Amino acid sequence: MAGRVQGKIALITGAAQGLGEAIARMLVREGARVVLTDLNAAKVEAVAASLGADKAVAFAQDVTDEAGWIATIDKAASAFGGIHILVNNAGISGGTTVTETPFDVWKKVHAVDLDSVFLGCKYAIPAMAKTVKETGSGGSIVNISSIAGIIAAHNSAAYNSAKAAVRHLSKSVALHCAKQKTGIRCNSVHPVFIKTPILDPLVDRFGAEEAYAKLGRQIPLGAIGEPDDIAYAVLFLASDEAKMITGAELKVDGGISAM
Ligand SMILES: NC(=O)c1ccc[n+]([C@@H]2O[C@H](COP(=O)([O-])OP(=O)(O)OC[C@H]3O[C@@H](n4cnc5c(N)ncnc54)[C@H](O)[C@@H]3O)[C@@H](O)[C@H]2O)c1
């Protein structure tokens, strides 16, 4: 039986662990081939190797580096013969209250969480439009924002700002791609707390069980999420099942933003 993204080629950033790795495994399971990138070359190469050389390749990439993006798009487009799907997933948490956030931390969080999404869209869209035209299979950009891009917290000034901007940038990209008739859609995904290494600082402080329970108590559904909760949302938006959906925000938040 054909998979839900059968025959498509995806580029996924920050794929060495956590959500990026789960998204890579999900898209491959559903018939895609994937190009994986991360700052951590050894780890992302191990993820690609575990998926098989015919299904996945990996490259080192710093998503804040413009020249690196140009080179990555080139390498990605030639690895399997094009790009249909871009998942801008690489990101960092960080920052604290507005008065306590050092300016260099503010800039770093915006570079990794926001500039990367701008650069990824800017350089991938021409390559993706070409692939869509050549293959007749639809294109999709999925930007991983956060529920923190919709609900603010007193101690996340930089992260709130960067993730909110990703939400709005995604809508601008969606409208541009529609107007240019590229065949590419663009949407943002907004996870609440998910069990990945990004939560390690809290896990180190309280232990996994207590840390997850503490966070889970803030969520109407009563628990934090698993990486596949996000991978399923990305799979849907990446697939042609979502061919009428662009400029949308998909919250995967256990109901927290409904309060
Ligand atoms: N896990 C959560 O609770 C949660 C909630 C909301 C949003 N998110 C978002 O999901 C995305 C993935 O997060 P995660 O939980 O898997 O985190 P993670 O820390 O487990 O993984 C992030 C990956 O991004 C890579 N990375 C960091 N900076 C990079 C750079 N400059 N260039 C290339 N790669 C870089 C890291 O090496 C790592 O492999 C992030 O954008 C994050 O903000 C996560």
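Bear in mind that the values in this text are calculations on the coordinates, not laboratory data. Every value quoted in this text rests on a predicted model; they were computed, and no experiment measured them. Ideal geometry is used to build each Cβ from the backbone, glycine not excepted, and the neighbour counts take in all protein chains shown.
Dipole of the stretch 60-133 (Lys/Arg Cβ +1, Asp/Glu Cβ -1, origin at the Cα centre): which of Ser78, Ala90, Gly68 lies farthest to the positive side?
Ser78
Over the stretch 1-114, what is the mean sequence separation of C-alpha contacts under 8 Å (at least six apart), divided by residue count, expressed as relative contact order in percent?
27 percent
Scan around Val87 for amide H atoms under 5 Å from its own, H built in the peptide plane at 1.01 Å from N, and keep only partners 5 or more places away or cross-chain.
Leu11, Ile12, Thr13, Val142
Report the trypsin sites (Lys or Arg not before Pro) located in the stretch 168-259 that are in a DSSP loop and have at most 11 other Cβ atoms inside 10 Å of their Cβ, or state none.
Answer by residue number: Lys181, Arg217, Lys243.
Please state the charge dipole magnitude for the chain, taken about the Cα centre, from unit charges on C-beta atoms (+1 on K and R, -1 on D and E), reported in debye and rounded to the nearest 20.
820 debye
Exposure proxy check: Cys186, Cys121 ranked by fewest other beta carbons within 10 Å?
So the ranking, lowest neighbour count to highest, is Cys121, Cys186.
So what is the calculated 222 nm ellipticity per residue for the chain, using -39500 (n - 2.57) for each DSSP H run with n of 4 or more, over all residues, to the nearest 500 deg cm²/dmol?
So the calculated ellipticity at 222 nm is -14500 deg cm²/dmol.
Among Met26, Met244, what is the fewest-to-most ranking by other Cβ atoms within 10 Å?
Met244, Met26
With a 10 Å Cβ neighbour count serving as the proxy for reagent exposure, in which order, fewest first, do Asp240, Asp54 appear?
Asp54, Asp240
If eta is 0.692 mPa s and T is 37 °C, what Stokes-Einstein diffusion coefficient results for the chain, Kirkwood Rh from Cα pairs, in µm²/s?
Rounded to a whole number, D works out at 180 µm²/s.
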